[in-house]
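The values are calculated or read from the model by the stated rules, or taken from the named source; none is laboratory data. Keep in mind it's a predicted model, so treat the numbers as computed, not measured. Cβ placement follows ideal geometry from the backbone for every residue including glycine, while neighbour counts extend to all protein chains displayed.
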Amino acid sequence: MPLDSIIDSALNKYNVPTWVRPYIYKYVKENPVSTVKFAISLVDVKRKKGEVTKTHVKLPNGKEFKMESILKLLNLFYYGEESIASLEKYWATESKDRNAEFETHFQEMSDIDYKYTRAIKNLTEGLGHSVGQQNESIKKLFDYISSIENWNDRIVATGLILRYSYARTFGTVFYKVFYPVAPEFMRSFGKAFRTVDDAERWDSEEARRRIRNNSIDKEHTLELVREILPRIMLPIEKNMSLAKELELENEVKLLCDISIAYPFQVLSELGMELDVEKEVKQVKIRLSKLASD
């Protein structure tokens, strides 16, 4: 079966958006051997099962990871989600500029995200371990975002930037890859992810509505995305050693490219005039500067 057909079958199976496909094809050209094995495993898992032991996690495609590496990954996911939930709760209860409607919505989202946080904790404990220490780079990211005081900026920050660059990319991929391995641990994960996959969150819908209706300044919004995205990518850059440890460095770099492009793609679909590829390059330049500081 030709390589292009294999990749197309995998992309169609997982309903990958059209705009994402050039990133996938570029990755394929740079990693042809590993890609064929990975794509075939996605399309043709059949009744193969993964396994979880005290020492390793094995996916249905045969890919094996050390348990200690998986626990590090879970730790990053846990504190990412815990930080989002805490951020939403803070805005719902501690804002200087009070707004009852927005506070109610952010409290509701916080409650949902805390359930997701508990799901990750339960998964970790189900594997016989406990959550580790918070990552300093994640703390710095959310310290920065929590300092945002304007409600429009807050809605864009969580509803457009965090949702699309983080949950829609890294979170969903993680769930779909690991669910076949440990469904007994992932059921609560699935419940949390359905709030992401099956329907838009309030903040995502509200951010889209405000941009579409020109009720917020588009240039200001674009600059906000440019400012926050490098900071979201920085913890990933700081923890790239884990991707190497998992032998997924190329795959994580691919997801990073998609994560950066995703919010700009949404803005473009909402009528903003911008060059997505140019914006991605500029974010990477800002990321390099942040990483070197």
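Condition first: outside any helix (DSSP H, G or I), in contact with a Phe, Trp or Tyr (Cβ under 9 Å, 6 or more places away or on another chain) and not hydrophobic (A, V, I, L, M, F, W, C). Now tell me which residues in the range 110-132 satisfy that. Listed by number, the list holds a single entry, 132. Output yes when any residue across the range 136-150 is at pLDDT below 95 and more than 21 Å from residue 290 (Cα to Cα), and no when none is. Taking every residue of the range 136-150 in turn, none turns out to be at pLDDT below 95 and more than 21 Å from residue 290 (Cα to Cα). Within 19 Å of residue 221 (Cβ to Cβ), in the same structural domain as residue 235 (by TED's automatic domain parsing) and touching an Asp or Glu at 6+ places or on another chain (Cβ under 8 Å), is that true of residue 155? Criteria met by residue 155.
Each row is one residue, and each column tells you yes or no for (1) in contact (Cβ under 8 Å) with a residue 60 or more places away in the chain; (2) among the aromatic types (Phe, Trp, Tyr).
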site: 88; (1), (2): yes, no
site: 98; (1), (2): no, no
site: 103; (1), (2): no, no
site: 114; (1), (2): no, yes
site: 121; (1), (2): no, no
site: 127; (1), (2): yes, no
site: 137; (1), (2): yes, no
site: 153; (1), (2): yes, no
site: 156; (1), (2): yes, no
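Kindly indicate whether any position in the range 130-143 is buried (at least 18 other Cβ atoms within 10 Å of the Cβ), touching a Ser or Thr at 6+ places or on another chain (Cβ under 6 Å) and closer than 19 Å to residue 222 by Cβ. The answer is no; no qualifying residue exists.
Residues in the range 216-246 that are touching a residue at least 12 places away in the same chain (Cβ under 8 Å) and assigned to a loop (DSSP other than H, G, I, E, B) were compared, and the one that is farthest from residue 134 (Cα to Cα) is 216. Per the listing 126, 80, 132, the residue uniquely within 30 Å of residue 150 (Cβ to Cβ) and in the same structural domain as residue 240 (by TED's automatic domain parsing) is 80. Residue 122 meets the conditions (1) within 11 Å of residue 79 (Cα to Cα); (2) surrounded by fewer than 16 Cβ atoms within 10 Å (Cβ to Cβ) in every case but one. The failed one is (1).
Residues that are crowded, with 16+ Cβ neighbours inside 10 Å, assigned to a loop (DSSP other than H, G, I, E, B) and modelled with pLDDT under 95 do not occur anywhere in the range 189-198. Considering the range 20-63, the residues that are in a strand (DSSP E or B) and surrounded by 14 or more Cβ atoms within 10 Å (Cβ to Cβ) include one that is modelled with the highest pLDDT, namely 56.
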